[in-house]
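Down below is the structure, laid out as structure tokens.
The values are calculated or read from the model by the stated rules, or taken from the named source; none is laboratory data. Nothing here was measured: the structure is a model prediction, and the numbers come from that model. Cβ atoms come from the backbone with ideal geometry, glycine included; neighbour counts cover every protein chain shown.
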There are 2 protein chains.
Amino acid sequence: MNKDKFIEQLKSMGAEVDDLLDKILPPGDARPEELHRAMRYSVFAGGKRLRPFLVLQGAFVGGLHYRQALPLAAGAELIHVSSLVHDDLPCMDDDDLRRGKPTNHKVFGEAMALLCGDALIMLGFDAAAANAEIEGVKAIRALAALRELHCGVGYAGMLSGQAIDISFTASTATPETLDYIHRHKTGSFITYALRAGAVLSGLAGEDLDALTGYGNDMGLAFQITDDILDIVGDPVLLGKSIGSDQRQDKATYPSLYGLDQAKRRVADLAESGHAHLERFGTQADSLHALLDYIVERDR
Amino acid sequence: MNKDKFIEQLKSMGAEVDDLLDKILPPGDARPEELHRAMRYSVFAGGKRLRPFLVLQGAFVGGLHYRQALPLAAGAELIHVSSLVHDDLPCMDDDDLRRGKPTNHKVFGEAMALLCGDALIMLGFDAAAANAEIEGVKAIRALAALRELHCGVGYAGMLSGQAIDISFTASTATPETLDYIHRHKTGSFITYALRAGAVLSGLAGEDLDALTGYGNDMGLAFQITDDILDIVGDPVLLGKSIGSDQRQDKATYPSLYGLDQAKRRVADLAESGHAHLERFGTQADSLHALLDYIVERDR
């Protein structure tokens with residue numbers, strides 16, 4: 001699959017997820033309006049819908065039609081957005097801008113942004129549970145998929161990486177700590193989004209292991225590329241200012257190993273990721289293309 | 001059921017919930033230690049385990065053994081504790097003490113308290129999903145119960161009440177707004193904890209409606225009693241200072257209608273609540289006793 005066709009697919013699947021998110025989210029003119037507007041504001045602030053895409057592709061590789069995993073995919077995105085809203089709060093990263101727009105608490109206030117993030121987490125799990133109502137999806141598999149999602153985002157996943165991240169800076173972090181942060185903060189959600197979709201479709205055993213291997217490689221490549229872009233990226237393309245990791249003395253792969261070594265690591269991860277997908281043949285075309293896209297992206 | 005026997009049952013069921021919570025929560029000596037300790041700190045800070053009790057009683061009224069609903073009950077408590085941790089944050093109520101102990105962010109810092117609350121919400125929904133693994137519980141009912149829980153706590157439930165609450169004070173709130181806050185902030189979680197347990201057991205139709213009616217009456221009686229105790233309660237028994245509603249100019253039932261009228265309303269609600277339970281006979285003995293306890297409590 002070439003890059004243009006891949007981007008087209010990413011966009012069209014993202015649009016379907018957006019349609020469902022619009023149906024799932026409470027209307028902005030229903031009480032309590034401020035909370036509902038805050039939820040919609042951040043959900044529709046223009047994300048790439050990467051995690052939903054992974055859920056859908058995981059389900060597809062396992063034999064479902066991708067549309068049968070849409071509620072689970074929407075759930076993953078809601079939880080992702082919640083983490084952005086809470087991350088931007090003054091007690092965390094204290095960011096004023098996100099994707100070129102004022103952050104949630106800058107518009108709605110800190111207390112509302114806090115509640116908004118909570119509401120998005122909860123609605124995310126509710127959406128995952130609602131996937132059981134799709135024809136051809138077994139209730140027991142929807143439950144298993146929801147629990148995979150929790151592995152990716154909860155105390156053993158994303159939140160674990162964030163918790164370690166706030167305790168260390170570049171000057172105090174060891175390479176091992178940095179690796180832990182990378183694997184958990186972004187990587188584990190990426191891997192488990194894929195696994196959640198796959199488990200929804202009934203994928204198991206060595207197939208699930210291979211998909212997990214791909215997810216781990218891709219997630220780490222994604223994170224290191226993010227850190228590289230924070231140094232050499234174009235603020236206009238990125239929609240945010242660069243250099244924030246350095247200003248906050250954050251531990252990142254480039255800050256610890258240098259830019260060249262970081263780029264080489266990304267190339268190695270890409271090679272390993274593609275190899276994991278071989279067993280799935282053409283069913284994994286989109287995941288191959290996604291890995292190329294992640295590695296080559298400039299935004 | 002007399003008061004002593006009821007309190008004994010409340011305590012012993014609470015102890016079983018605590019045992020499960022101890023198993024579900026990640027160990028405090030596993031990485032990231034701070035996050036895990038923060039989670040355990042607030043979960044084991046000495047709550048009454050009212051919401052888990054309601055889940056268990058809802059399941060019992062519907063014909064399950066109460067132990068078959070323990071994971072769902074633990075999930076409800078985790079979500080409840082998350083709301084306390086987030087409520088106490090400086091951008092919300094800015095409380096230093098909770099149940100006589102320093103609040104979560106006073107011990108672990110604001111950022112960690114924020115992540116801790118998020119982790120507890122997520123683990124709460126995961127525990128609800130895990131209830132499907134209990135023998136004799138259908139997967140489809142575990143999913144339905146999880147979604148009931150979401151109705152009680154999400155954007156249409158508890159969070160909705162909190163969102164309205166932060167926008168109004170006693171001087172700006174109308175009686176209708178006050179009623180909205182009461183029904184949602186505490187009441188809806190109480191009602192839906194009961195419903196979640198009942199739905200797990202397969203209860204439906206008029207039986208579920210009656211249980212919902214009881215829950216609504218009991219929840220509102222609980223909240224008004226809380227507000228009364230904030231005025232006339234004993235700080236030692238309560239384990240917290242009183243008068244915080246008045247200091248913050250919070251809209252409460254007593255502040256709007258006076259103390260006598262508030263007490264009369266509690267008595268009316270109790271009568272109505274007992275009436276809703278009649279159809280369940282002796283199966284509802286504990287719920288009758290709970291209502292008496294709520295109304296007469298001094299802490």
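Things worth noting here:
- Pairing each residue of the range A:115-142 that is more than 8 Å from chain B (Cβ to nearest Cβ) with any residue that is surrounded by fewer than 24 Cβ atoms within 10 Å (Cβ to Cβ) and among the aromatic types (Phe, Trp, Tyr), provided the two are 6+ apart or on different chains, yields C-beta distances under 7 Å for A:Cys116/A:Phe108.
- Out of A:Phe189, A:Phe168, sole residue that is among the aromatic types (Phe, Trp, Tyr), touching a helix residue (DSSP H, G or I) at 6+ places or on another chain (Cβ under 6 Å) and surrounded by fewer than 24 Cβ atoms within 10 Å (Cβ to Cβ): A:Phe168
- Residue identified as more than 14 Å from chain A (Cβ to nearest Cβ), on the phi < 0 side of the Ramachandran plot and β-branched (Val, Ile, Thr) among B:Val43, B:Val81, B:Val107: B:Val107
- Pairs with Cβ under 8 Å, 6+ apart, first in the range A:146-158 and more than 7 Å from every other protein chain (Cβ to nearest Cβ) and over 16 Å from A:Val55 (Cα atoms), second aromatic (Phe, Trp, Tyr) and buried (at least 24 other Cβ atoms within 10 Å of the Cβ): A:Gly157/A:Phe189; A:Gly157/A:Tyr192; A:Met158/A:Phe189
- Taking the range A:135-243 as the region of interest, the helices (runs of 4 or more DSSP H) fully inside it that hold 2 or more residues being modelled with pLDDT under 90 are A:175-182, A:205-232, A:235-238.
- Test: residue in the range A:32-41 that is among the basic types (Lys, Arg) and in contact (Cβ under 8 Å) with a residue 12 or more places away in the chain: yes
- Residues that are over 17 Å from A:Ala204 (Cβ atoms) and in contact with a Leu (Cβ under 6 Å, 6 or more places away or on another chain), drawn from the range A:58-71: A:Tyr66, A:Leu70
- So B:Lys23, is it basic (Lys, Arg), farther than 28 Å from B:Thr282 by Cα and at pLDDT 95 or above: yes
- Just so you know, in the range B:85-104 the residues that are surrounded by fewer than 22 Cβ atoms within 10 Å (Cβ to Cβ) and within 12 Å of chain A (Cβ to nearest Cβ) include one that is nearest to A:Ala127 (Cα to Cα), and it is B:Asp87.
- Residue check: A:Arg99 meets all listed conditions (1) closer than 23 Å to A:Ile166 by Cα; (2) at pLDDT 95 or above but one, namely (2).
- When the range A:20-39 is limited to residues that are within 16 Å of A:Val81 (Cα to Cα) and away from chain B (no Cβ under 11 Å), the one that is surrounded by the most Cβ atoms within 10 Å (Cβ to Cβ) turns out to be A:Leu21.
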